[in-house]
1. Got the relative contact order for the chain handy, in percent, Cα pairs under 8 Å and 6 or more residues apart?
2. Let me know the Rg and Dmax you get for the stretch 141-197 when you use only its Cα atoms, in Å.
3. Could you check the simple spin-label distance between Leu235 and Thr190, using points 7 Å along Cα→Cβ, in nm with one decimal?
4. Tell me the label-point distance for the pair Leu198, Val75, using the 7 Å Cα-to-Cβ offset, in nm and rounded to one decimal.
5. Round to a whole number: what % of the accessible area of the chain belongs to carbon and sulfur, probe 1.4 Å?
6. Where Rh denotes the Kirkwood radius from the mean inverse Cα pair distance, what is Rg over Rh for the stretch 94-168?
7. Counting Lys and Arg as +1 and Asp and Glu as -1, what is the net charge of the other residues whose Cβ lies under 12 Å from the Cβ of Arg126?
8. So if I average 1/r over every pair of distinct C-alpha atoms in the chain and take the inverse, what Kirkwood radius in Å does that give?
Amino acid sequence: MAYKKRYDGRGFKETRETKATANILKRADGSGEFSFGNSKAIVSVYGPKRVYPAFLEDADKALLRCYYDMISFSVKERKRPGPSRRSSEISLVSAGALKPALLLNEFPHTVIDVFIMITQADASTRVAGINAATIALANAGIPMTDLPAAVSIGKMGDTLVVDVNKEEEDYEEDGKHAATDIAICVLPRTKKISLLQLDGKITPEELKKVINMAFRAAPEINKKQIEALKNVEEL
Ligand code: ADP
């Protein structure tokens, strides 16, 4: 049985409604919010600042540290607070997705801390977090060579869809979990991929389509990020 119509009626290449805002937190050096439908991320950036302990500092460039977490009230049942294997992994890959777009060598001996908080989770939170982090880093004045745009692509049975929600992630065919979830971050200007995480089965041909779908979704995401950065309100 193929996945012929999306549960929420969207087109296969359509994301959920996206919203973006920059400069939402007064105390941070930069901040931003990004949502795909009911998956919402807020991000605060602190830095560039001195590194403690000092032995961690790099004489050539700034360190970029990401901390991803889902707030306890972000899901239906209260999520146990605190770090987990999942959050450590997402923190690491988020930093990896953002780094190639940042001119970290302009800030040697410093650190830039990026706190990614998921306030509401309905799948694809890591990509929402990366999009919010892009806004927050730009809002903090960190120079960039590109504007990372992240999206998830799902394979539901044989059908590829853009921006997977939780219902789709849990998709079953013949009583078996049949969804493959791919998180991608693209750098549209340099046409590079800074994150590609694949959980499930896919053919090389499908993977090419997945990458094209991510690049096609990027302009709309970048548009929202840029609009947010242009319409900053003083706090
Ligand atoms: P992503 O959010 O980037 O898609 P995952 O595939 O690990 O990352 O998670 C998919 C979704 O599963 C999350 O967005 C969230 O809706 C749900 N989820 C993840 N962890 C938990 C948890 N501890 N409790 C409840 N739901 C969770």
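1. Reported as a whole number, the value is 24 percent.
2. Cα-based Rg and Dmax for the stretch 141-197 come out at 14.6, 51 Å.
3. Using points 7 Å along Cα→Cβ, the separation is 2.9 nm.
4. The two pseudo-label positions are separated by 2.6 nm.
5. The C+S portion of the solvent-accessible surface of the chain is 53 percent.
6. In the stretch 94-168, Rg relative to Rh is 1.07.
7. Working: positive: Arg86; negative: Asp69, Glu89, Asp181, Asp199.
With Lys, Arg at +1 and Asp, Glu at -1, the neighbours total -3.
8. On the way: mean 1/r = 0.0553 Å⁻¹.
Computed over Cα pairs of the chain, the Kirkwood hydrodynamic radius comes out at 18.1 Å.
The values are calculated or read from the model by the stated rules, or taken from the named source; none is laboratory data. These figures come from a predicted structure and were not determined experimentally. In this analysis, Cβ positions are derived from the backbone assuming ideal geometry, glycine residues included, and neighbour counts consider all displayed protein chains. Note: areas computed on protein heavy atoms with side chains; ligands, DNA, RNA excluded. Shrake-Rupley method; radii C 1.70, N 1.55, O 1.52, S 1.80 Å.
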